[in-house]
Amino acid sequence: MNIHEYQAKEILKNYGVAIQQGVVVESPEKATDAAKTLADQTGTGWFVVKAQIHAGGRGKGKVQETDSNGVVLAKSLEEVPEKVKNIIGGTLVTHQTGPQGKKVNKVLIAEDVYYPGESDPKEFYLSILLDRAKGCNVIMASTEGGMDIEEVAAATPEKIIKEWIDPGVGLQPFQARKVAFALGLEGKAMKEMVKFIFALYKAYESTDSSMFEINPVLKTSDDKILAVDAKVNLDENALYRHKDLAELRDITEEDPLEVEAGKNGLNYVKLDGNVGCMVNGAGLAMATMDIIKLSGGDPANFLDVGGGANAETVEAGFRIILKDPNVKAILINIFGGIVRCDRVASGVVEAYKNIGEINVPIIVRLQGTNAEEGAKIIEESGLQVTSAILLKDAAQKVKDVLS
Ligand code: GDP
Ligand code: MN
């Protein structure tokens, strides 16, 4: 599960990670008061106004309606409301949002931390994530922090330092020092960075996250180390033991069909193709998507209805698939193991009748317990549903309806 920058920074703060302080607002009217509060707390006179959306690249992104960037500097308290107004309520398009962009509902007003001093502020990249291939966490860092880290990783991968953490012994002090040293730090900044890495690792582990990405981490002109941006990915499967973190979910940032599917206990991921599919079991769903590809179609979604599929789940699945205007055909592929095929067939027929007019052809393949009985129910229903028992028949029928 993704969360907003301001929420991620709140988590960091709770674990003692130094952050760029800020106050979040939902309307421009609140901007001046928020900025004043922040100025009182931090002593800052300059502010950064930052769109809160679940996507990066905001600094270079553009708000369609006003042409403002998604992250802008306000060089006085008076400038803040106008800058907030240019971002809030608008549609921000960045290289991560796709051309349709994302609506901005909240804005973070943060203290400016790039103030001049004895040395220039310096941006670093730092992340902690799970390295699935190695089966352990990895810390990644780079001196080339800031807005173009993807290009750095692609063109000069040697500039990304990696330090793997043994899960048995955890993060060791020498490892944090090694990373800080590789970033070219010394003296106070070095010590601060080691502290920063330890606190960050603690936050990452304690929240059961799968990724923490801080880009940039800033070394200020007076050698403080601060998180200026924060992207946190929480492991959804661990949220049951983090009720407070589960509440950070912002469903306005998620695909509405995926939200609806979640409410019905379905695992649904929307894709760009033309053949909707409803399958029980993730493995079979993957195989079904392959079959659709081989038949010359493209899967419109991944949908796993789970082991206990019944009339209600089938109906919910149907409704979700049918809301996608790209869907030209639906392939239902159910293996009757725990659930009997005749029950699924009855569920399909019932759901079909409940929904009423369905204008796309439906191919149902039922295999396993009571497959023959299931096929019979489908065929005798009198509905525009074609039954197939073998996967290759199902594939052929998808091909037929698409041609
Ligand atoms: P992203 O573009 O979505 O990754 O958003 P970031 O939070 O990383 O901000 C984008 C850029 O804004 C950063 O890389 C900085 O260059 C700049 N920025 C962020 N905070 C400040 C600040 O306090 N002062 C100044 N001058 N620039 C800032
Ligand atoms: Mn960033």
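Since every read-out is calculated from the coordinates, none of them should be taken as a lab result. Model, not experiment: these values are computed from the prediction. In this analysis, Cβ positions are derived from the backbone assuming ideal geometry, glycine residues included, and neighbour counts consider all displayed protein chains.
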Calculated log₁₀ intensity ratio I(q)/I(0) where the Debye formula runs over C-alpha points of the stretch 137-265, q = 0.14, 0.16, 0.17 Å⁻¹: -0.75, -0.92, -1.00
Need the C-alpha centroid separation for the stretch 200-253 versus the stretch 1-68, integer Å. 15 Å
Would you mind checking which residues have amide H under 5 Å from Ala300's amide H? H placed 1.01 Å from N; only 5 or more apart, or other chain. Gly273, Asn274, Val275, Gly276, Cys277
I need the calculated FRET efficiency for the pair Ala155 and Leu130, taking r as the beta carbon distance and R₀ as 30 Å, to the nearest 0.05. 0.75
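How large is the charge dipole for the stretch 51-126, taken about the Cα centre, if only the Cβ atoms of Lys, Arg (+1) and Asp, Glu (-1) carry charge, to the nearest 20 debye?
Numbers: 10 positive and 10 negative charges, 100 e Å.
Dipole of the stretch 51-126, to the nearest 20 debye: 480 debye.
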Assign one of three labels to the stretch 252-403, namely rounded, prolate or oblate, based on the Cα gyration tensor with a ≥ b ≥ c the square roots of its eigenvalues; rounded applies when a/c is under 1.5, prolate when it is not and a/b is larger than b/c, and oblate otherwise. rounded
Residue order, fewest to most surrounding Cβ atoms within 10 angstrom, among Leu239, Leu226: Leu239, Leu226
Bins of 10 Å, beginning at zero and ending with the bin holding the largest distance: percent of Cα pairs per bin for the stretch 43-108, please. 25, 55, 18, 3
13 Å cut-off, amide nitrogen to a point 7 angstrom out along Ser206 Cα→Cβ, residues in the stretch 1-37: 10-18
Interchain or sequence-distant (5+) residues whose placed amide H lies within less than 5 Å of the amide H of Cys136 are Asp131
For the chain, modelled as a Gaussian network with Cα springs under 10 Å, which listed residue fluctuates most, Glu118, Glu192, Glu29? Glu118
For the chain, averaging the sequence separation of alpha carbon pairs under 8 Å that lie six or more residues apart and dividing by its residue count, the contact order in percent is 12 percent
Write down the Kirkwood hydrodynamic radius of the chain, to one decimal in angstroms, obtained as one divided by the mean of 1/r over all alpha carbon pairs. 24.0 Å
Rounded to the nearest 5, the percent of DSSP beta bridges in the stretch 256-402 running antiparallel is 20 percent
Rounded to the nearest 0.05, what FRET efficiency do Lys75 and Asp290 have when you use their Cβ-Cβ distance and R0 = 60 Å? 0.60
Can you tell me what share of the DSSP beta bridges in the chain is antiparallel? A percent to the nearest 5 is fine. 70 percent
Among His4, His54, His95, rank each residue by its count of other Cβ atoms within 10 Å, from fewest to most, as a rough exposure measure. His95, His54, His4
Please compute the modelled spin-label separation between Asp298 and Ala246, points set 7 Å along Cα→Cβ, answer in nm with one decimal. 3.7 nm
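Pulled fully out, how much extra length does the chain show between Gln172 and Glu350, if you take 0.36 nm times their separation in residues and subtract their Cα-Cα distance?
Working: separation 178, 0.36 × 178 = 64.08 nm, distance 5.96 nm.
In short, 58.1 nm is gained.
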For Gly368, list long-range residues whose amide hydrogen, built 1.01 Å from N in the peptide plane, is under 5 Å from its own amide hydrogen. Gly336
So what's the stretch 5-135 giving for Cα Rg divided by 2.2 N^0.38 Å, two decimals? 1.12
Mind giving me the nanometre distance, one decimal, between the label points for Arg319 and Thr32, set 7 Å out from Cα along Cα→Cβ? 4.7 nm
Using 0.36 nm per residue, how much length does the chain from Glu236 to Lys263 gain when fully extended, once their Cα-Cα distance is taken away? 8.3 nm
Label points 7 Å out from Cα along the Cβ direction at Gln100 and Ala282: separation in nm? 2.5 nm
Sorted by Cβ density within 10 Å, fewest first, the residues Ser403, Ser381: Ser403, Ser381
Ellipticity estimate at 222 nm from DSSP helix runs (n ≥ 4, -39,500 (n - 2.57)) divided over the chain, nearest 500: -10500 deg cm²/dmol
